[in-house]
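Below is one structure; the comments refer to it alone.
The values are calculated or read from the model by the stated rules, or taken from the named source; none is laboratory data. Since the structure is predicted, the reported quantities are computational estimates derived from the model, not experimental observations. So basically every Cβ, Gly included, is an ideal-geometry build from the backbone, and we count neighbours across all protein chains shown. Areas reflect the complete protein model, heavy atoms only, side chains present, ligands, DNA and RNA absent. Shrake-Rupley method; radii C 1.70, N 1.55, O 1.52, S 1.80 Å.
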Amino acid sequence: QVQLVESGGGLVQAGGSLRLSCAASGNIFSANVMGWYRQAPGNQRELVAAITNGGSTNYADSVKGRFTISRDNAKNTLHLQMNSLKPEDTAVYSCNQWDASGDYWGQGTQVTVSS
């Protein structure tokens, strides 16, 4: 089992920045993919960004150039630096880890961007 705990959400004005963090613990496989997903009210959950343990990244078109995903494999932590935030970025952001043992989710952290 893997436990994921997010932190760093909050309220920010449009154009501002936030940094989300996710701490992973438990039986973590060395080869895995970690990612951030978000879900706004009335919308389906969508992938924001993902990163492999080797450092390859993938971003949703809507956040390219504004968000940066990173990870520290030694500390089992995942980060999402979010710059130039827009009201449409408002959502619950959840950390995800996928490996050979399964698919794991954190509890989510609220990000609210005011206009």
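Considering every pair of different Cα atoms, what Kirkwood radius, in Å, is found for region 1-64?
13.8 Å
Tell me, in nm to one decimal, what length is gained between S56 and K86 on full extension, where the rule is 0.36 nm per residue of separation less the Cα-Cα distance?
8.2 nm
Positive end of the charge dipole of the chain (Lys, Arg +1 and Asp, Glu -1 on Cβ, about the Cα centre): tell me which of S62, M82, G26 has its Cα farthest that way.
Final value for the positive-end residue is M82.
Count charges around S84 for me, please; just the other residues with Cβ under 15 Å from its Cβ, Lys/Arg as +1, Asp/Glu as -1.
For residues surrounding S84, the net value is +1.
Which FRET efficiency, nearest 0.05, do S30 and S114 yield, Cβ-Cβ r, R0 35 Å?
Efficiency for this residue pair is about 0.30.
Roughly how many whole Å is it from the C-alpha centroid of region 31-80 to that of region 1-29?
10 Å
With +1 assigned to the C-beta of every Lys and Arg and -1 to the C-beta of every Asp and Glu, and no other charges, what is the dipole magnitude of region 19-115 about the Cα centre in debye, to the nearest 20?
Dipole size: approximately 220 debye.
At a 1.4 Å probe radius, carbon and sulfur cover how many percent of the accessible area of the chain?
The C+S portion of the solvent-accessible surface of the chain is 48 percent.
With the cut-off at 23 Å, report for the chain the share of all Cα pairs above it, as a whole percent.
For the chain, the fraction of Cα-Cα distances above 23 Å is 23 percent.
What FRET efficiency would be calculated for the residue pair R45, N73, taking the C-beta separation as r and a Förster radius of 25 Å, to the nearest 0.05?
Once the sixth-power term is evaluated, E becomes 0.50.
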